[in-house]
Each structure stands twice: as structure tokens, then as C-alpha cells.
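These notes are about the structure you will find just below.
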Amino acid sequence: MKRLFGSTSGLKANQIHRLENLYRRRIPTEFLITFELAREISRLSHEIRRQIGVLIDRMGRIAFIIVGNHHRIVIPDMSDYRAAPGRLKGLRCIHTHLKNESLTKEDLTDLVLLRLDIMAAITITKKGLPYQVHASHILPKSLTGELYQTLPPLSPNQLDIGCLELIQALENELASEKPLYKTASKKESAILISVATTPRRMALNSLEELKVLALSSGINVAGTVLQQRKRIDSRLLMGMGKLQDLAILTLKKGATLIIFDQELNPSQIRSITDRMDIKIIDRTQLILDIFAQRAQTREGKLQVELAQLKYLLPRLITKNTAMSRLTGGIGGRGPGETKLEINRRRVRDRIARLEKDVCLVKKQRKQQKARRQKKGLPVISIIGYTNAGKSTLLNTLTKSNVRAEDRVFATLDPSSRRLKFPRDIEVIITDTVGFIKDLPKELMVAFRATFEELESADILLHIIDVSNPRFKEQIRSVEKILDSLNLNNIPLIRVLNKQDLVDKETINRQISSLKGIPVSANDVSTLIPLIEKMEALVCQHEIGHSFGKY
């Protein structure tokens, strides 16, 4: 395994040999670093006029040696030393400073964001000998809000600080601040974060929906963070100080995952994961992961994999800690555990094959549509925001048993049933995948064949959960998607579901405002006005052209 990092260009052969010999050193667990090792890296650093760093594990072994430039070192990928939830990295970093300065802001940022055991800097005399050692560690509990504590400067003969005992004490403090609940085994525990420029109420509503999505995916929510900014940081979304706070919060909460409410572009994922030793995903990937869990049919699985690979392709950048999540999904439900150096061409080839398969599905749907038209059966499609009660309504209307659950995206694979009206008129009624705010464009493309099924509908039933405090925003989200699919010319009935959970005054006001029909989808006796309205529309001579919204 390569353990010497940084550029060795310009170094003499004997200097490189001396660097490689450092791996033979062993540091007693009570020492931060031995005087001999501190002296050797100080001399080398003084000779080459570049900073040198060592990463030491808790057994006292040197895991990495880093050769930097005059001003800094760059800590390499340490994914093999991933910190467990609520614990530190298991590595401490000791490096030289050519100037007579203590730990820099960059040193302390690395300490916090990478969860290092300890960060230390050795200052060097004019003769190339170690002068002082400045060390700092994460501070689990602080009344003042400090993220770290800096020890008094140590002389080279004062390095026996009970190092391992100190690190274990820090981890014990971190463990004592874990959540009061115990997370289930094999479950992720997440911090949800929104960095928003929108009004606070809108940002909180979106964050609450993200929480519902996370819980629906089987993730424990350990905490939420909202930062409002006038302008989003194009590189990190948030400020570096907030990123430090977030790193400490994940430590204290024992979180294994951070979920951003905003979609992260490839460079943002790389920038954030380079600075934080924790899994990072965004709202889009969370939704893709839920779809991957719920897809049951071959068609659904094809569409989800296509969406995931299209999301993944631009993020196949140089190796970084984000890629293991992107290729595997939150719970390993993605396209597969692929090597980080995944071949872009292979992904493009796979996308091309999936698109061909989806095209075949599209042809099959057109054939089914043609058969229905031949039989002359009108089609009624149920649409609406996710978890509004679409499948429950289909089950009650047709006395069928389509999967219906009180969670988002319970239905991914469209279901069709026959429904006979009292006048002996027969129709096909279909259930569709739920809509959601900011539905990922990859899913919109992948599920195009499914959404195009709506084009053959004679009536759309827009199911609205009026018991949801955000139902007006949900209506706007659904109608925005309908507009993007050019479905505004199809007659639409607004169905105000879950009326039993709302007081009569409120439901009457919404009937007047939205011109909708109130129902309780699981109570067949409340569906009579809706059935009468659908039957009347079906009986109209020029259905689909003469009517607007009802």
C-alpha cells in the first residue's frame, strides 16, 4: 500500500530513503510523538524547506508520511480508517511548521472536519531542531461553543502526555452525548441540512418533507440544521464555520450520514467530502434510493436503474469518499457496488442498453393503449402528490387490493383496474407514481414512458390530502409537473381526500376555493358524489376537449 504522499521531486535519493525509513519507527502509546521522530522530521523539513507530516495510529505505527510545500501539507485519502459513528478517526497528525507559528486555521479545520484524534505542529529552530509542539483536540462538551481545545505549547522533552488515554477519554465524552434513543441495527442515522435563500417558513417546510423522505427510506433522523444565506456558496453551499459545526454535531449525535435538502453538483460533492469524513448525499439521491427500494416490476427496476446511472455519470470524478455511496445507494440498493475507478464508457453502454429496454416498454404501452382504444374504454388516471391516498382510492373504487401504505412512494409500478358505473358504463382506472416537489429530472426522464400513459387519459383525478398543512404547495407542485408534460388540456377533477381529518368549516372553505369534491378514500359511502361526477364526464360527447378543471 502506498504510504508516502506528496511530491518528492527535487529530493535527493538519501532524503527519500530517510523518509521511507520513518515507517520503522514505533511510538509508545503514551507519547504524542517521540523526541527522536520529531527531531528526524524537523531536520528533513529544514533541509528540503518543505513541511513534512506523519499520521500515527493508536498502536503507535506510522500509517502515512506526507511531503508538502513551504506553507502546508495535504492530508491524503484516509477512507481505510473511516471513523465509526460517535468516534474519532483513529489517526493523529503531527507535521512541521517552517515558520515560528502555532496551529493554523487550516490545521484546526482539518482536525474538526476529518475527526482526527489530535492535530499537532512542530516549530523548528534555525538549526533544524524541534523547538515547540503545538497540539489541539476536538472538544466534545463546551459551554462557550468552542469546537476544539489547544494544549499549552510542549517542549520536545514533554511529549509524554498520556496520548492514548486522552483520546479514549475524548471518545467516552462523545459517547455520553449520543441520542437518547438507540438506533436499530444496520440503519443509517442522519443529520438533515438545508442551506436556503428562500423564506424561513418555506425552508422549514421543505426540511420537514426531507425528514419524511428519510424516515420512509428507513433512516433514523438524528437532527436537522437550517442555514439561511443571502447567497449560496458555489463550492460548499455553506460557510466553513457552519461545516465545522456540522462535523461536531455528527460526532455528538453518532450520525453516519448527512443529507442535503438541495441537489449537490459534482464539484460540491467533491469539495464537501474532501473536508468531512462522513457520507454525504442530497435530496435527489435519497429519492432515487427510495425508488430503488420500492420498484417491484422489471419495468420499474429498469427505469430506476436508468435514473440512478444518469445521476451517477457526471459524478464519476477522481476518487473521493462520495463515490462509494453514489454507486451503492444508501442501503446497497443502487446499481451495484462498483469500483471507485468505474469506467465511464461502461456506464454509458449500460445507459444505452437500458434506454433501449425502456423504449420496448414504451412500445408495449402503446400497444396496450391501442387495444384499449379498440375496445372503446375510457381511461381515468389518478394523480397526485405522494402519499395523498391514490392507491387507497383505487382499492375502494374497484374493490381491489393494490399495495397502499402510509408512506411516500409506496406505489411505483402503475396499476390498472376496471370500474363499472351505475349506468353500466365501464372504464379503465389507473394508479400512477406519486409526484413530489423538485422531482429529480433523472426520474422524470426515466419514467417518461409511465408519465406518457397519462396522455391517453380521458379524465385526471387529482387527489389532494387536505389534512396536510402544505397541501396548497403540493397542488402547485403537481400542476407544475402536469404543465411540463403538456397535460393541461385533459379534464381534471380535484378530489379533496382525508376530509374526516379536517373540521367542516375548513373543508367547506376548500370546496369553494378549489372547486373540489371532498372524500375519505377508505370510506366508500363518501365517494358517491365523485362517482357521479366521473360518470357525468364520461358521458359527455367530446370528453377531453370541452371541459376545464372541475
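Read-outs: derived from the displayed coordinates by stated rules, not from any lab. From a predicted model like this one, the values you see are computed outputs, not experimental measurements. Using ideal geometry, Cβ is built from the backbone for each residue, glycine included, and neighbour counts are taken over all protein chains shown.
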Would you mind getting me the FRET efficiency between N265 and S176? Use the beta-carbon distance for r and R0 = 25 Å, nearest 0.05.
0.05
Which cross-chain or sequence-distant (5 or more) residues have an amide H under 5 Å from the amide H of N69, H modelled 1.01 Å from N in plane?
Q51
Give me the net charge for the shell around I429: Cβ to Cβ below 11 angstrom, other residues only, Lys and Arg +1, Asp and Glu -1.
+1
Region 189-328 - Rg (one decimal) and Dmax (whole number), Cα, Å
14.9, 46
Under a Cβ-only charge scheme (Lys and Arg +1, Asp and Glu -1), can you give me the dipole magnitude of region 377-539 about the Cα centre, in debye to the nearest 20?
220
Under the 7 Å Cα-to-Cβ spin-label approximation, I232 and I16 lie apart by a distance in nanometres of 4.5
Calculate, for R476 and I511, the FRET efficiency according to 1/(1 + (r/R0)^6) with r their C-beta to C-beta distance and R0 22 Å; round to the nearest 0.05.
0.70
Amide H neighbours of L139 under 5 Å, counting only residues 5+ apart in sequence or on other chains, H built in-plane at 1.01 Å?
Y148, Q149
Apply the Karplus parameterisation 6.51 cos²θ - 1.76 cosθ + 1.60, with θ equal to phi minus 60°, to every residue of region 507-522 and state each ³J(HN,Hα) to the nearest whole Hz, in sequence, with x for glycine and proline.
5, 5, 5, 6, 4, 5, 6, 9, 6, x, 10, x, 8, 10, 4, 8
If the label point sits 7 Å along Cα→Cβ of R26, residues of region 53-71 with amide N under 13 Å come out as 59-62
Phi-derived 3J(HN,Hα) across region 290-304 with the Karplus relation (6.51, -1.76, 1.60, θ = phi - 60°), rounded Hz, x for Gly and Pro, is 5, 4, 5, 5, 8, 4, 10, 8, 4, 4, x, 5, 4, 5, 5
At 0.36 nm per residue, and after removing the present C-alpha to C-alpha distance, how many nm does the segment from I425 to S400 gain when stretched out fully?
7.1 nm
Given 383-394, 25-36, 212-223, the highest-first ranking by average Cβ count within 10 Å works out to 383-394, 212-223, 25-36
Sort I16, I124 by Cβ crowding within 10 Å, fewest neighbours at the top.
I16, I124
Cβ-Cβ FRET estimate between D357 and R49, R0 fixed at 45 Å, reported to 0.05
0.15
Report ³J(HN,Hα) in whole Hz for each residue of region 193-209, in order, from the Karplus equation J = 6.51 cos²θ - 1.76 cosθ + 1.60 where θ = phi - 60°; Gly and Pro get x.
9, 10, 10, 10, 10, 7, x, 4, 4, 5, 5, 5, 4, 5, 5, 5, 5
Counting DSSP beta bridges in region 4-176, what percent are antiparallel, to the nearest 5?
75
Long-range Cα-Cα pairs in region 4-176 (distance over 23 Å), rounded percent
35
Rg(Cα)/(2.2 N^0.38 Å) for region 377-539, N = residue count
0.97
What is the magnitude of the charge dipole of region 175-309 about its Cα centre, with +1 placed on the Cβ of each Lys and Arg, -1 on the Cβ of each Asp and Glu, and no other charges, expressed in debye to the nearest 20?
260
